[in-house]
Amino acid sequence: MPGTLLNFPEAPSAKLAQMLESVDARMRLLTGMHAEWVTDADPGVSTSAEYHLRAGGQKVRARLGLCSALALGLSESEAIGIAACAELLHNASLIHDDLQDGDLYRRGVPAIWNQFGKNTALCCGDLFLSAAYAALGGIGNHPLLPEALALTHRRVARAVHGQCADLAERPDGEDAVEQYLAIAKSKSGALLALPIELSLLLSGNAQSIPLATAACENFAISYQALDDIQDIAIDAARPAQTGFGGIASAPGLNLVLIMQNHGLQARALSMAVALAARHLDQCEADAVNLPCGAGRMLLAYCAGMRAKLDDAVSVLEAC
């Protein structure tokens, strides 16, 4: 990475770990329910919320929010509010996504709909959505809070439209890859960018928001492409499978298969790898130019993704 990054402040790991604990506590507080709301017939959706939070997760969006907020000079309270908002929205999307896709497990344990039923999962996801706005509203009497709430709504709305497109569309025709990229930008990029965008807005650096948006959209595309390539690699490593056929009927979109189905055939995998690497390049080029090192954590995630991309290619070359 460029040497200038060495001059940017970074939250010490011990401090970051402590703040992540505070984010966890904030999420549990906001998704908990008062005793007077609970009846014997309905033990409350807070049980499922606590169950979901207990399963953990990488907290990528919380880390992006904390590190960017602190780098930009926001208070710890503001940083925790931004991080909790982003994580609550992400978890709401996971709960609803599992329900819509019928995925049985999340983070190594049964998904909420699988453990508590579909109705509880729907309500639990709604609770997380509402709690996210409460987390952001709790940052205090900030003059830009109304704009931050409006920005949050716009990003949630874009993610919702991206999810609907993912469920409804199967990219076809000459622009199939472009359709795939647009879905990845909306579905994943919108909520990934939000914690950095909020940090920029609330610190008085709103002019840099388009840079953060572009960086995270490119990161989201690379992430989705890597996930698809890893699916191919896992399939290719199975002794009973050859080529790409094993996941052809799997749910969801897969970039390699889209390319293969539209005349690229043997070049599909190498082109998918090149696409993932190209969008990582674009993400890094934008992230490094964010003010005060606000993109440092995103750059670290880019480095990790490059390593995983190399690993997946190595697996495929060995098959």
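Name every residue in segment 57-70 that is touching a helix residue (DSSP H, G or I) at 6+ places or on another chain (Cβ under 9 Å) and either surrounded by 24 or more Cβ atoms within 10 Å (Cβ to Cβ) or assigned to a loop (DSSP other than H, G, I, E, B) (or both), in order of residue number. Before you say what the answer is, go through the steps one by one.
Of all residues in segment 57-70, those touching a helix residue (DSSP H, G or I) at 6+ places or on another chain (Cβ under 9 Å) come to 57, 59-70.
Hits for segment 57-70 are Gly57, Lys59, Arg61, Ala62, Leu64, Gly65, Leu66, Cys67, Ser68, Ala69.
Restricted to segment 106-132, and to residues that are farther than 25 Å from Ala165 by Cα and in a helix (DSSP H, G or I), which residue is least open to solvent (accessible area, probe 1.4 Å)?
Per the criteria, the residue is Ala131.
Determine whether Asp103 is modelled with pLDDT under 95 and open to solvent by 50 Å² or more (accessible area, probe 1.4 Å). Give the steps one after another, and end with the answer.
Working: modelled with pLDDT under 95: yes; open to solvent by 50 Å² or more (accessible area, probe 1.4 Å): yes.
For Asp103, the condition - modelled with pLDDT under 95 and open to solvent by 50 Å² or more (accessible area, probe 1.4 Å) - is met.
I need a count of the residues in segment 144-163 that are open to solvent by 30 Å² or more (accessible area, probe 1.4 Å), part of a helix (DSSP H, G or I) and in contact (Cβ under 8 Å) with a residue 40 or more places away in the chain.
Matching residues across segment 144-163 total 2.
The values are calculated or read from the model by the stated rules, or taken from the named source; none is laboratory data. Predicted model only: the values in this text are computed from it and were never measured. Using ideal geometry, Cβ is built from the backbone for each residue, glycine included, and neighbour counts are taken over all protein chains shown. Areas reflect the complete protein model, heavy atoms only, side chains present, ligands, DNA and RNA absent. Shrake-Rupley method; radii C 1.70, N 1.55, O 1.52, S 1.80 Å.
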